[in-house]
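Below is one structure; the comments refer to it alone.
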Amino acid sequence: MEAQLHEGQCGLCVHFGQNNPQEPQLIQIRLKHEAPENLVEPCGLPRHQLLHLRVSPISGCEGFEFAPQAQASQPAL
Ligand code: SF4
């Protein structure tokens, strides 16, 4: 299942899969604001990385920061 992603969700966050930012699937997710719900990637926020946190695109936390591609492709409100 593909999920629609919004600001604050891991799939649009710069820390989602941060160890592999050029991964084509991640770039597609950021451009389309859509991701498979069952995808799991490591979070690169330093304090989460210490805990080896892995998150799905529909997760989220207060450390959210837009990935540049995701912010540039924001749908107009
Ligand atoms: S857990 Fe927080 S910091 Fe990590 S990818 Fe998700 S929103 Fe970003």
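Regarding the stretch 30-38, can at least one residue be identified that is away from the ligand (no atom under 11 Å from the Cβ) and aliphatic (A, V, I, L, M)? Let's see the steps before the verdict.
Of all residues in the stretch 30-38, those away from the ligand (no atom under 11 Å from the Cβ) come to 30-38.
Cutting the leftovers down to aliphatic (A, V, I, L, M) gives us 31, 35.
Yes: one or more hits.
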Original post:
Restricting attention to the stretch 35-47, does a residue exist that is of a type in the set (S, T, N, Q) and part of a loop (DSSP other than H, G, I, E, B)?
Top reply: yes
Original post:
Name the pairs: first residue in the stretch 13-31 and basic (Lys, Arg), second residue away from the ligand (no atom under 15 Å from the Cβ), Cβ to Cβ under 9 Å, at least 6 apart or on different chains?
Top reply: Arg30/Ala72; Arg30/Ser73
Subject >> Identity of the residue in the stretch 48-77, among the small types (Gly, Ala, Ser) and part of a loop (DSSP other than H, G, I, E, B), that ends up nearest to the ligand (Cβ to nearest atom) >> reply: Gly63
Subject >> Output for the stretch 1-28, where each listed residue is closer than 18 Å to Cys61 by Cα and more than 12 Å from the ligand (Cβ to nearest atom) >> reply: Ala3, Gln4
Original post:
Taking Pro57 and the conditions (1) in contact with a helix residue (DSSP H, G or I) (Cβ under 6 Å, 6 or more places away or on another chain); (2) loosely packed, with under 15 Cβ neighbours inside 10 Å, which numbered condition does it fall short on, given that it satisfies the others?
Top reply: (2)
**OP:** Give me a count of the residues in the stretch 12-34 that are modelled with pLDDT of 95 or more, under 19 Å from Glu2 (Cα atoms) and part of a loop (DSSP other than H, G, I, E, B).
**Re:** 2
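The values are calculated or read from the model by the stated rules, or taken from the named source; none is laboratory data. Computed from a prediction, not measured in an experiment: that's the story for all the values here. With ideal geometry, Cβ positions are generated from the backbone for all residues, glycine too; neighbour counts draw on all protein chains shown.
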